[in-house]
Amino acid sequence: MKKSDKTNHLIDMSFKSVAIKDPLKMDDTIAANYRGYVILDPDKDFVLKDETGKILENSCPTHAITYQNDDSNLKIHLDNGKCILCGNCQVKSPELIKITNKFDLAKKRRDDLIETFSMSVPFGKTYDELGQELKSKINKIFGRSLTIREIDAGSCNGCEIEINALNNSVYDIERFGITFVASPRHADILLVTGPASKNMERALKIAYDSTPNPKIVIAVGACACSGGIFGNNYATTGGIDSIVPVNVYIPGCPPRPQALLYGILMAINKI
Amino acid sequence: MSHKEIISKYYSKLERFDSDIKKIENNNELHLVLNDPNKLHDFCKFLKQDFDLRLLTIICCDERKLNHGFKIRHVFGSDTDDFFLFVTIFIDESHPHFPSLYDVFPSSILYEREINDMFGLTAKENPNIKPLILHDFPNNVFPLRKDFNLNDDVKRNLKQFEFTPITGEGVCEIPVGPIHAGIIEPGHFRFSVLGETIINLETRLGYTHKGIEKLAENMPINDVVFLSERISGDESIANSVAFCQAIEKIAQLTIPQKAKQIRLLFAELERIYNHFGTLGGILSDVGFPYGASRLNILKEQIMQLNERLSGSRILFGVNQIGGVKINITDEMLIDIHFVLDDAFQIFEKIFDHLKSNPSVMDRLRNTGIIEKQLARDLGLVGISSRCIGIETDARQTHPYGYYPSINLKQKTLRETMEHQVELQKRIGDVLSRFMSRVDDLRQSKAIIGSITTLKGDGLSVSMGDELIPYSSGLGYAESHRGETLHWVMIGEDNSIFRYKIRTASFSNWPVIEHAVLNNIVADFPVINKSFDFSYSGNDL
């Protein structure tokens, strides 16, 4: 029996670099069955029926799927900002819903996360290419490192695990000139996770106000985009954008490190 | 001993209370209903002295709809027997008070504060009844009461939280948080220092409170599994297993052996990747980044394995009520064994390196010491109690799932002796917790290693029809932080009437206030990391 080739380079105790070469590449580092992004990708002979729509709508624990029936014009809307990637909908209607292992899902506008029957365009860049692109942009705009302050506004700590992973030797985000700083006063970007619990509302506002202009706010994870599974209840506010203006939304539960890097690149492109 | 024998063993000694109590048995749970709430204090004193039971949690439930008023269940557990004792009292709405157990079980202070916040029932004698979880909440709104709706808009007024004032010549206060310098969860720490030395610490948590327990009452039962995974992202398997087992206990389901095996494999993988991460965190907090980055590579490697197996890097979406959703094939099992063999080979090399590095060992040794008596009083579980020689492990005391079928290699007499000597060195400092985690890691590896063949009997069974309304069950699991308890009461139409979650973090958090005393401020991060509590799992 052979060892898995995918992991071999990680467990070598030598001094050679373990950083993955092409973090934004879709092929080898991401498992084929990784649940990254839900798309509406109907089979050729798929016909949307009234009952399928209703079943799909009810199958979603976070109400990310909405079904519309106006005058026999049937529509399925899929809000990736709410999706927690549970896979329920795929079980209910595998001919329409596909779960891909993609991570290039960050969007600049909240509405862009909502999909209505569309085919997706494949994304070709690797993690390394994305990182290098980011590095040259950061150099051009700032002439120095890009600094990020992470704020947990009530997340379950899943997103923190992935943000921490950006700093490990494998993803090693510092090689692209991105550093995490200890104070919002030193930051260019606020990376905010969690459904914005009401108890963190004030602290988040203060941190936002302390960040020097120009500042970028990135909402990380389904909770930060829309409230996620926690929604909008007595203890949560239903998304970061109800408290501070958000520039880029990165959906996912949690978004993998590549998705975070892609979202940061998108945020830089906005300046 | 069977559950029935254990229960009768305990109940036989309770005969002198016969006139005051009513007895209900349920699997390994013994429910005793006290007629008079005022007798609770004496009764619990007796439980502690004669049975040496631990207070596990206090569950309050608003059963006014069923004409029971409020029911408060005190849950006790034993360190040796697979047995849970529920002592129930009724509280009428017109007298919203109940007796405090603070002088018998000091750990009860926290649970009583929680009940005060969420239900508005006050433990009169409790010396510290400050708000715990809700910040700036009005005094007459109680979220877990049934007349409060999940989406009710609560008008919050900014209130100053009263920290215990510590005064004296040269005493300074250092406020830290809720937003910390690192990439961690929010919480506030108020240090009082004399020079460099911490003389008092008061924690204020609750910043990540998301209303999980209330939310569960408004969700379909199958969706609550997803919610339970998100109680604390890094404990997703432990929490969802505990929840599923509670429901399976109520529905009297027997899940397939293969599903049990898969749950066990994922639970141990979760333990392994988190322990790697925590050990790495401890090392980076003492300024040894070489070890930290090596261990974080191992953590990443296990997370990539998780992804290949389950489609999620932190193991979301594995469990469902009645079994599991993810299949593990023989090929995947080989993958697991290969990756772990390699990872542990590297780990042992790193560990040898660390042991021979005096600058690391010196920072860990004698830092953040806790006393054995303190650990007992606070009811610590998991690594925090094992570091001082109190063996609490739900996998052993309350064997669940596939754990009873695991046969680890018997230790030789010499190995046992050596282990005992090693345990004597555990004095409750950061080093002891470091070593306990290493032990835990090796044990997890051995447990996974003992699974060489997978059974072939399906992944899940269906839940069947409607569950009996107002039946309840306690689910439990051992997360990498310690014993996790989930108590579920079913309502009408398969809804959830009450979902009480007690993670290991909740029962362990108070210890940090004691562990940092007489240490320097600069050692706080490493002490905190050595316990590795979840803020989200505490605040819910």
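General remarks:
- Compared with the alpha-carbon gap, the fully stretched path from B:SER356 to B:GLN252 is longer by 32.2 nm at 0.36 nm per residue.
- Extents of chain B, largest first, come to 70, 64, 48 Å (Cα atoms, principal axes, whole angstrom).
- Taking the chain by itself as reference, segment A:215-261 contains these residues with an accessible-area loss of 50 Å² or more in the full protein complex (1.4 Å probe, heavy atoms): A:ILE229, A:PHE230, A:ASN233, A:TYR234.
- Relative contact order (%) - chain A, alpha-carbon pairs under 8 angstrom, separation at least six: 22 percent
- Mean shadow area of segment B:326-395 over all directions, Cα convex hull, nm²: 7.6 nm²
- Inter-label distance for B:ASP52 and B:THR329, nm, one decimal - labels placed 7 Å from Cα along Cα-to-Cβ: 5.1 nm
- Positive-end extreme of charge dipole, segment B:202-260 - chosen from B:HIS209, B:LEU227, B:SER240 (charges on Cβ): B:SER240
- Among the GluC sites (Glu not before Pro) in segment B:193-276, those located in a DSSP loop and surrounded by at most 12 other Cβ atoms within 10 Å of their own Cβ are B:GLU196.
- Entry for segment B:81-158 at q = 0.14, 0.19, 0.22, 0.26 Å⁻¹: log10 I(q)/I(0) = -0.54, -0.90, -1.09, -1.31, Debye formula applied to identical alpha-carbon scatterers, no solvent contribution.
- Here the contact order of segment B:16-68, divided by its residue count and restricted to Cα pairs under 8 Å and six or more residues apart, works out to 19 percent.
- Computed over every Cα-Cα pair of segment B:76-223 and binned at 10 Å starting from 0, the pair-distance distribution P(r) comes out as 9, 28, 34, 22, 7, 1 percent.
- When the square roots of the Cα gyration tensor eigenvalues are ordered a ≥ b ≥ c, the ratio a/c for segment B:429-540 is 1.5 or more and a/b does not exceed b/c, which makes its shape oblate.
- Largest first, the three principal axis extents of the alpha carbons in segment B:124-185 are 50, 38, 19 Å in whole numbers.
- Kirkwood Rh, Cα atoms: Rg over Rh of segment B:204-295: 1.10
- Gain on full stretching of the segment that runs from B:THR80 to B:GLU5 - 0.36 nm per residue minus C-alpha separation: 25.6 nm
- Helix-only CD estimate at 222 nm, as mean residue ellipticity for chain B, using -39500 (n - 2.57) per DSSP H run (n ≥ 4): -12000 deg cm²/dmol
- Reduced Cα scattering model of chain A, Debye log10 I(q)/I(0), q = 0.10, 0.12 Å⁻¹: -0.54, -0.76
- Candidate cross-link partners of B:LYS500 among the lysines, defined by an alpha-carbon separation under 19 Å and a same-chain spacing of 8 or more, comprise B:LYS65, B:LYS71, B:LYS146, B:LYS210, B:LYS214, B:LYS249.
- MRE, 222 nm, helices only [DSSP H, n ≥ 4, -39500 (n - 2.57), over chain A, to nearest 500]: -8000 deg cm²/dmol
- Computed from the C-beta positions of B:GLN345 and B:LYS372 and an R0 of 41 Å, the FRET efficiency is 0.70 to the nearest 0.05.
- Relative contact order (%) - criterion: Cα under 8 Å, at least six apart; region: chain B: 16 percent
- Between B:ASN407 and B:ARG365, the modelled label-to-label distance comes to 4.2 nm, taking each label 7 Å out from Cα in the direction of the beta carbon.
- Screening chain B for whole DSSP H helices with an alpha carbon extent of at least 15 angstrom along the helix axis and a mean Kyte-Doolittle hydropathy of at least 0.5 yields B:236-251.
- Total buried accessible area between B and A, probe 1.4 Å, nearest 100: 5400 Å².
- Beta bridges by DSSP in the protein assembly as shown, antiparallel share as percent, to the nearest 5: 75 percent
- Restricting segment B:119-183 to chymotrypsin sites (Phe, Trp or Tyr not before Pro) that sit in a DSSP loop and have at most 13 other Cβ atoms within 10 Å of their own Cβ leaves B:PHE161.
- Charge dipole (Cα centre; +1 on Lys/Arg Cβ, -1 on Asp/Glu Cβ; no other charges) of chain B amounts to roughly 420 debye.
- Taking a ≥ b ≥ c as the square roots of the eigenvalues of the Cα gyration tensor, an a/c ratio below 1.5 marks the protein assembly as shown as rounded.
- Using a simple spin-label model with pseudo-atoms 7 Å out from Cα toward Cβ, B:GLU466 and A:LEU74 lie 3.2 nm apart.
- Accessible area per residue, Å², chain A with all protein chains present, probe 1.4 Å: 40 Å²
- Modelled FRET efficiency - R0 30 Å, B:ASN494 with A:ASP50, Cβ distances, 0.05 increments: 0.70
- Carbon-plus-sulfur accessible fraction, segment B:460-522 (probe radius 1.4 Å, protein heavy atoms only): 50%.
- Overall size of segment A:126-271 from C-alpha positions, given as principal axis extents largest first: 44, 28, 24 Å.
- Under the combined filter of DSSP loop state and at most 14 neighbouring Cβ atoms within 10 Å, segment B:390-443 retains these trypsin sites (Lys or Arg not before Pro): B:LYS409, B:LYS411, B:LYS425.
- Modelled FRET efficiency - R0 25 Å, B:GLU418 with B:ALA522, Cβ distances, 0.05 increments: 0.15
The values are calculated or read from the model by the stated rules, or taken from the named source; none is laboratory data. None of the values given here were measured: they were computed from a predicted structure. We place every Cβ from the backbone using ideal geometry, glycine too, and count neighbours over all the protein chains shown. Accessible surface areas use protein heavy atoms only, side chains included; no ligands, DNA or RNA. Shrake-Rupley method; radii C 1.70, N 1.55, O 1.52, S 1.80 Å.
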